[in-house]
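The values are calculated or read from the model by the stated rules, or taken from the named source; none is laboratory data. Here the structure is a predicted model, which means the values were calculated and not measured. Cβ placement follows ideal geometry from the backbone for every residue including glycine, while neighbour counts extend to all protein chains displayed. Please note that ligands, DNA and RNA were not included when accessible areas were found on the heavy atoms of the full protein model with its side chains. Shrake-Rupley method; radii C 1.70, N 1.55, O 1.52, S 1.80 Å.
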Amino acid sequence: MKNIFSKSLLILSVFVLFSCTNNSGTQIPVIYEESLKDISDKRNAELNWTKEIESVRLIRDINKSSSVISTVKLSPEIMAVSVQENPPVYPFLEDFGSLDTTNLSNELREFLDSFCSKICTWEFDDSLMDSNYVFSLILFKYDVEQLYNNSKIQFSDYIYGEPFIDKDVITVPVRFSTNDVTLDISVYVDKSSSFKINQIVIDNFVVE
């Protein structure tokens with residue numbers, strides 16, 4: 001009986017030893033599971049995205065704007081105003097009108113400058129007048145001198161107002177000024193190839 005037990009114990013020991021030997025060389029299997037990021041990246045790669053509607057705005061540098069000087073700190077409000085296409089605003093004198101002279105061509109402005117610079121020194125060049133309307137210049141000189149008590153006036157400055165452009169004539173308001181006198185006139189210029197004045201009208205004369 002003792003021999004049988006010893007043999008059984010020996011067989012069991014050999015079996016256990018053999019089992020342990022076999023298990024020692026076996027690698028534990030690694031189970032790989034996809035992370036949420038992997039799944040998201042995979043699905044994102046498979047998606048067919050539409051074209052960006054405002055792709056330029058997405059890469060636009062909002063720290064600068066061509067319509068705002070660099071010294072102004074940008075804000076959402078300033079950016080919103082700067083991108084609006086508003087018409088320019090011109091000065092407006094209550095007793096004279098708008099100073100928008102964008103409709104005056106360079107040629108017409110040069111012609112008017114020649115006329116007004118003469119008036120400032122109270123000189124009169126009839127070559128700037130239409131030959132049929134030289135009397136308008138003479139009457140203008142006479143009327144102003146009568147308003148100024150028959151004295152000669154020296155104007156220091158003049159400005160143009162917004163012109164009125166008709167089919168054949170351009171009417172330009174002009175204000176002459178000096179220390180104590182303001183003179184507003186309307187100059188009617190013929191739109192022919194060579195500008196000529198055919199009428200001068202006194203609109204306002206103020207002595208301070």
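Mind counting the residues in region 149-177 that are farther than 22 Å from Asp100 by Cα and buried (at least 16 other Cβ atoms within 10 Å of the Cβ)?
Within region 149-177, residues that are farther than 22 Å from Asp100 by Cα and buried (at least 16 other Cβ atoms within 10 Å of the Cβ) number 2.
Could you say whether any residue in region 129-147 is touching a strand residue (DSSP E or B) at 6+ places or on another chain (Cβ under 6 Å), open to solvent by less than 50 Å² (accessible area, probe 1.4 Å) and of a type in the set (S, T, N, Q)?
yes
So the check is Cβ under 6 Å with 6+ separation or different chains; which pairs have a first residue in region 162-185 that's farther than 15 Å from Arg109 by Cβ and in contact (Cβ under 8 Å) with a residue 40 or more places away in the chain and a second one that's assigned to a strand (DSSP E or B) and of a type in the set (S, T, N, Q)?
Asp184/Asn204
Looking for something among the acidic types (Asp, Glu) and under 19 Å from Val206 (Cβ atoms) - is there at least one such residue anywhere in region 130-139?
No - not one qualifying residue is present in region 130-139.
Select, from Val207, Val181, Val169, Val144, the only residue that is within 36 Å of the chain's Cα centre (by Cα), over 22 Å from Tyr90 (Cα atoms) and modelled with pLDDT under 95.
Val169
Taking Ser151 as the residue in question, decide whether it is farther than 16 Å from Ile119 by Cα and more than 35 Å from the chain's Cα centre (by Cα).
The answer is no for Ser151.
Take Asp113 and decide whether it is more than 19 Å from Asn204 (Cβ to Cβ), touching a residue at least 60 places away in the same chain (Cβ under 8 Å) and either out of contact with any Ser or Thr (no Cβ under 7 Å at 6 or more places or on another chain) or surrounded by fewer than 18 Cβ atoms within 10 Å (Cβ to Cβ) (or both).
no
Which condition does Lys118 not pass, out of (1) among the charged types (D, E, K, R); (2) closer than 30 Å to Pro87 by Cα; (3) open to solvent by 60 Å² or more (accessible area, probe 1.4 Å), if it passes all the others?
(2)
Being assigned to a strand (DSSP E or B) and either of a type in the set (S, T, N, Q) or surrounded by fewer than 18 Cβ atoms within 10 Å (Cβ to Cβ) (or both) is the filter here, so list the residues in region 180-195 that pass it.
Result: Thr182, Ser186, Asp190.
Return the pairs, sorted by first residue and then second, in which the second residue is open to solvent by less than 60 Å² (accessible area, probe 1.4 Å) and assigned to a strand (DSSP E or B), the first residue lies in region 194-208 and is over 11 Å from Ser136 (Cβ atoms) and among the aromatic types (Phe, Trp, Tyr), the beta carbons are less than 7 Å apart, and the residues are 6+ apart or on different chains.
Pairs found: Phe195/Val189; Phe205/Leu183.
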